[in-house]
Amino acid sequence: MDKIDILCVGEVLVDFIGHQEGVLINETRDYHRYLGGSPANVAMNSTRLGLNAIMVATVGNDGFGSYITERLTNVGINTSHLNILDNKSTSVIFVSRSQGTPDFIPYRAADCCIYEEQISSEILSNTTIFHTTCFALSKNPAQKTILKKAQEAYDLGCKLSIDVNYASKLWKSQKKAFKVIKTYCQFNPLIKISEDDMLRLFEKELPHEEIFQFFHDQGVDTVCLTLGSNGVKLSQKGKEVIQMPAIKIDRVMDSTGAGDAFWSGFLFAYIKKKTINECLDIALKLAALKLQNVGRLPDNINILSKLL
């Protein structure tokens, strides 16, 4: 089996992104369809950066499921671990188009139906990074499957990763979310969080040092906190916090997926054994590129040569 750079486990869905700029969903008239889901974005971005990525996810046996399968295949992602269900519809999300964190309404069905048989021990033993999200962990059976396979991946020497994209509307309770996040943190994952994620998770604004300390106390060495237009801070246990500014761009076209672009760049550089500062630099460049494009990163751009 070929070496797998990134195994992305979690939600793949259809994003309907509002056509009208700067308005919430209640004032959005038209939507354009895009492939969505944070792990799917990371898998696609990573593949286009030249990495070998596998997507473990579930869709419905419907038009949206066909659209997703086709899109992933066209990019070159191995879809043999994509489960297709007859009795569940593909999950969709309606998203407002904004320069800040977008408003969204999820309609979930198939995305949370991830089962153990989709992730074999052979795959895990050949994987460099096992990546998932808070969204994927919010609902069973995916939650149970991911936590079990994360433990197995950790035991096999895999590096874990998580985007803590917490949203209360996806969880039964905040208490449950904390329990699951803390469980995943025991495997010392690379953590990507945003200020907005933390405001939603803790339900109050915390000093950045307290956010970093919370995760370090759970056993996490590296925590990356994205600050939107203010750039990024990264804390490694026992070291000084690194801060880097965002790359200035003339106009933000669409912020949806910018965090995924950032993290794709970071993980790509991490796999290439770059320094932490280089990882952040590449991540910020990829995020800036995404902010200038509606939907996903442009097809016809040789991202790799621009970044390295």
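The values are calculated or read from the model by the stated rules, or taken from the named source; none is laboratory data. Predicted, not measured: the structure shown is a model, and the values here were computed from it. Please note: Cβ atoms are built from the backbone with ideal geometry, for glycine as well, and neighbour counts cover all protein chains shown. Ligands, DNA and RNA are excluded from the accessible area calculation, which covers all protein heavy atoms including side chains. Shrake-Rupley method; radii C 1.70, N 1.55, O 1.52, S 1.80 Å.
Annotations
- Test: F94 is open to solvent by 40 Å² or more (accessible area, probe 1.4 Å) and in contact (Cβ under 8 Å) with a residue 60 or more places away in the chain: yes
- Restricting attention to the range 265-276, the residues being farther than 13 Å from A288 by Cβ and either buried (at least 18 other Cβ atoms within 10 Å of the Cβ) or in contact (Cβ under 8 Å) with a residue 60 or more places away in the chain (or both) number 6.
- Selection count, the range 200-222, where residues are open to solvent by less than 30 Å² (accessible area, probe 1.4 Å) and in a helix (DSSP H, G or I): 5
- Test: residue in the range 72-86 that is open to solvent by 50 Å² or more (accessible area, probe 1.4 Å), more than 23 Å from G18 (Cα to Cα) and assigned to a helix (DSSP H, G or I): yes
- Within the range 97-133, the set of residues being at pLDDT below 95 and charged (D, E, K, R) comprises R97, D103.
- Residue count for the range 281-290, restricted to those that are surrounded by fewer than 24 Cβ atoms within 10 Å (Cβ to Cβ) and in contact (Cβ under 8 Å) with a residue 40 or more places away in the chain: 2
- Selection count where residues are within 20 Å of T101 (Cβ to Cβ), free of Cβ contacts under 8 Å to residues at least 40 places away in the same chain and open to solvent by less than 90 Å² (accessible area, probe 1.4 Å), scope the range 240-258: 1
So that you can scan it fast, the table gives a plain yes or no per residue for (1) modelled with pLDDT under 95; (2) touching a strand residue (DSSP E or B) at 6+ places or on another chain (Cβ under 7 Å); (3) over 19 Å from Q213 (Cα atoms):
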residue: A136; (1), (2), (3): no, yes, yes
residue: T145; (1), (2), (3): no, no, yes
residue: L156; (1), (2), (3): no, no, yes
residue: I162; (1), (2), (3): no, yes, no
residue: K176; (1), (2), (3): no, no, yes
residue: Y184; (1), (2), (3): no, yes, no
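- Qualifying residue in the range 240-262 (condition: at pLDDT 90 or above, of a type in the set (D, E, K, R) and outside any loop (DSSP other than H, G, I, E, B)): yes
- Taken over the range 29-46, the criterion of being farther than 13 Å from F64 by Cβ and open to solvent by less than 20 Å² (accessible area, probe 1.4 Å) is satisfied by S38, P39, V42, A43, M44, N45, S46.
- Which listed residue, of V56, V9, is in contact with a Cys (Cβ under 9 Å, 6 or more places away or on another chain) and under 22 Å from Y166 (Cβ atoms): V56
- Taking each residue of the range 188-207 that is small (G, A, S) and looking for partners that are part of a strand (DSSP E or B) with beta-carbon atoms closer than 7 Å, six or more apart or interchain, yields S194/T226.
- Restricting attention to the range 224-239, the residues that are among the β-branched types (V, I, T) and either modelled with pLDDT under 95 or open to solvent by 10 Å² or more (accessible area, probe 1.4 Å) (or both) add up to 1.
- Residue in the range 46-60 that is modelled with pLDDT of 95 or more and basic (K, R) present: no
- The residues in the range 7-28 that are touching a Lys or Arg at 6+ places or on another chain (Cβ under 9 Å), open to solvent by less than 80 Å² (accessible area, probe 1.4 Å) and of a type outside the set (A, V, I, L, M, F, W, C) can be counted, and the count is 6.
- Residue within the range 112-127 that is of a type outside the set (V, I, T) and within 19 Å of R33 (Cβ to Cβ) present: no
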